[in-house]
Amino acid sequence: MLNFIRQTFACLLLLWLPASQAADSGWLQSPQNDHAKIRLRADTSKGDETRVLLTVELEKGWKTYWRSPGEGGIAPTIVWQGNPPPVATWFWPTPQRFDVAGISTQGYHDKVALPMVLKGAARQLAGTLTLSTCSNVCVLTDYPFTLDLSSPSNPQFNHDFAQAMGQVPIASGLVDSIRAGYHNGELQISAERTAGWQQPELFFDTLAGADLGKPSVKRDGERMQARIPVSDGWGDAAPDLRGKQLRLVVSDGGLAQETTLTIGGPLNLPADSGFPLWQAVLMALAGGFILNLMPCVLPVLGMKLGSILQVEQRDRRSVRWQFLASSSGIVVSFMVLALLMTLLRLSNQALGWGIQFQNPWFIGFMVLVTLLFSANLFGLFHLQLSSSLNTRLATHNGRGLSGHFWQGAFATLLATPCSAPFLGTAVAFALAASLPVLWAMFVALGIGMSLPWLLIAAWPALALRLPRPGRWMNSMRLVLGLLMLVSSLWLLSLMTNHIGTKPTLIVGAILLVGLLLALWKQRGGRTAGIAAASVLLVGGLALLISSLTADQWRKPLHDNIAWQPLSEQAITQALAQHKRVFVDVTADWCVTCKANKFNVLLRDDVQKALSADDVVALRGDWSRPSAEISAFLLRRGSVAVPFNQIYGPGTPDGEVLSPLLTREAVLKALSAAKGNEQ
């Protein structure tokens, strides 16, 4: 009996002694934010340490943030009072990932308990908690609080604190090995786990000067691989992360481990595209083949047929070798593009299809080459490289194969500003793959583009059935020359983004005058005069016809859409307002973009749909290098333009449209984006 009394007295004494007491703020709620309430409790039973537990309860649909919020948001913070203020060590439970409109954030929803340990706390704790809570809108709320450590204890504290610490990632035990690498705006993670992976997730601490997007995770037995797009929040190029320290949390099956890694070079992970390699190769073959139907390549195909027609004596063997030479030029050119992409990757530069047309020197080179080809077709002179190389740029009278090789190479150069179905997916797969796969994919693209040429090489009779040469050939050469001249002038127009409109017009006038002078020297003043008069006549007729028919074409081809600059923030803001978003990433050098604009985007019904009050139209111009647009495309697994995507309440993750737009597809996607609100 005496022992029982002593034990009871000891328990009561422990409950009374201030040294073992806990303070409780009770549930606090701000009048400016009725979507969240917080509670702080503290315990002093651990000697010189004070344990504090912050509990946050959120309404359904609301969230708050982890210590590293991700691409948006603010982590909870406490400003402690005191002189000096206590030093707090926060412990963060494993977060969750929230992805909206391409923005990836890390945090908590419903309810979360954040434990912390304080050093140097006084008998009374006071401070202000700043908490960011978000749904469709974000609210930043301050919660002043005071904790009296001499107040009556809370017997539940130890249990709740231990339970909260149980949600904090462990230091080891989940992952057997893990590595991190970086290349070309992409962070790579490779991890091994003997027990295998179920549903692995990754969460990252902030890296200075870099934004880390949503990981693309692929698991294969004991191995887990992840790719994370890296961008710069200020629109500059993504920083080189090699050599930097990365702190991250890996979770799987209810377990989580926190680790710190040194980021190395590329890990050469296999491409993660959602489909196997053989399907990607088929896409590359199809995309390369469709390039032959693009207007970029048609003038070169005309030149190829014209070179066959010029040969007086045609036979199967010569035709076969000519088209095989052209096919070789195409494949070799795609290998050169693969080399260019390899060098850009190794130097951590932006990758993309047709990005060489962002360079004014390359455009100038293409203007010169197309102009020389045009002059060659007009019969002014024949193009020839140095005799030491013993190659010729264009075939004359069927002699030699080098000209056919360069025709194929030239066709490839003209094809690069065009995007076609399957092409963008295949190129994105290639640029995200290891270097051997990248080269294999570009070779497949070259073979796909050369398929029509290989078809004639396999059955030369197709070319031999063409009409025999005659006077009509002169007219055909003139038509082909005009087509090539139009291509040259179109390329020249791309220089307006780099040197301005007036200098571009002056250069164009000089080139045309030079061409007329060469024609006068070669064919005489009468021919040059007729050519000049023809150009003026055709130009005048075009202006007359356009003015007479203006009422029929001006209205449907006038852009009434209030385009706004493209940004992730604009998408997020529009979705928060329950609006639909139409994204258009284009470039002046993109022929497919021009076709989409005139055939779809400028039509009355599409203009009306995109001008609706609940539609926000965003446009990004990739005519010149833009790190922000490159990062935007990379987050969505794209490396080519045109790129069109539609967001809305019904499609919050965005629906990517085909590179070749149709009015029906655009209108249908816009309607689906309304969701239940339509």
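The values are calculated or read from the model by the stated rules, or taken from the named source; none is laboratory data. Just so you know, these numbers come straight off a predicted model, no measurement behind them. Note: ideal-geometry Cβ built from the backbone for every residue, glycine included; neighbour counts use all protein chains shown.
For the stretch 585-602, filtering for residues that are without any contact (Cβ under 8 Å) to a residue 12 or more places away in the chain and either crowded, with 23+ Cβ neighbours inside 10 Å or not in a helix (DSSP H, G or I) (or both) leaves 0. Of the residues making up the stretch 627-635, not a single one is out of contact with any His (no Cβ under 6 Å at 6 or more places or on another chain), buried (at least 16 other Cβ atoms within 10 Å of the Cβ) and assigned to a loop (DSSP other than H, G, I, E, B).
For Leu385, the criteria (1) in contact with a Leu (Cβ under 8 Å, 6 or more places away or on another chain); (2) modelled with pLDDT of 70 or more hold in every case but one, which is (2). Considering only residues that are buried (at least 20 other Cβ atoms within 10 Å of the Cβ) and touching a Gly at 6+ places or on another chain (Cβ under 6 Å), look in the stretch 85-129 and name the one that is nearest to Ala570 (Cα to Cα). Filtering first and then ranking leaves Ile103. Residues that are modelled with pLDDT under 80 and over 24 Å from Gln358 (Cβ atoms) number at least 3 in the following helices (runs of 4 or more DSSP H) confined to the stretch 399-455: 402-415.
Okay, residues lined up against (1) assigned to a loop (DSSP other than H, G, I, E, B); (2) at pLDDT below 60; (3) of a type in the set (D, E, K, R):
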site	(1), (2), (3)
Ile290	no, no, no
Ile308	no, yes, no
Arg314	yes, yes, yes
Ser318	no, no, no
Phe323	no, no, no
Val332	no, no, no
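Output the number of the condition that Glu258 fails; it satisfies all remaining conditions of (1) within 24 Å of the chain's Cα centre (by Cα); (2) assigned to a strand (DSSP E or B); (3) modelled with pLDDT of 85 or more; (4) not small (Gly, Ala, Ser). Condition (1) is where Glu258 drops out. Counting only strands (runs of 3 or more DSSP E) that sit wholly inside the stretch 117-211, those with at least 2 residues that are out of contact with any His (no Cβ under 6 Å at 6 or more places or on another chain) and under 28 Å from Lys60 (Cα atoms) are 124-134, 138-148, 201-204.
Residues in the stretch 657-668 include none that are out of contact with any His (no Cβ under 6 Å at 6 or more places or on another chain), under 20 Å from Thr572 (Cβ atoms), among the hydrophobic types (A, V, I, L, M, F, W, C) and not assigned by TED's automatic domain parsing to the domain that holds Asp232. Pairing each residue of the stretch 314-342 that is over 16 Å from Gly408 (Cβ atoms) with any residue that is surrounded by fewer than 15 Cβ atoms within 10 Å (Cβ to Cβ) and small (Gly, Ala, Ser), provided the two are 6+ apart or on different chains, yields C-beta distances under 9 Å for Arg316/Ala461. The test for being of a type outside the set (S, T, N, Q) and over 21 Å from the mean Cα position of the chain (by Cα) does not hold for Glu186.
Restricting the stretch 177-230 to residues that are surrounded by fewer than 16 Cβ atoms within 10 Å (Cβ to Cβ) and modelled with pLDDT of 90 or more, the residue that is nearest to Asp252 (Cα to Cα) is Glu192. You will find that of Ser45, Ser68, the residue that is assigned to a strand (DSSP E or B) and at pLDDT 90 or above is Ser68 and no other.
Contact annotation: residue pairs with Cβ atoms under 7 Å, 6 or more positions apart or on different chains, pairing a residue in the stretch 448-459 that is assigned by TED's automatic domain parsing to the domain that holds Leu291 with a partner that is exposed (fewer than 15 other Cβ atoms within 10 Å of the Cβ) and of a type in the set (A, V, I, L, M, F, W, C), are Ile456/Leu462. Taking the stretch 651-678, which residues are without any contact (Cβ under 8 Å) to a residue 60 or more places away in the chain and surrounded by fewer than 18 Cβ atoms within 10 Å (Cβ to Cβ)? Matches in the stretch 651-678: Glu655, Val656, Glu664, Ala665, Lys668, Ser671, Ala672, Gly675, Asn676, Gln678. For the stretch 587-628, a residue qualifies if it is hydroxyl-bearing (Ser, Thr, Tyr) and under 17 Å from Ser658 (Cβ atoms), and exactly one does: Thr592.
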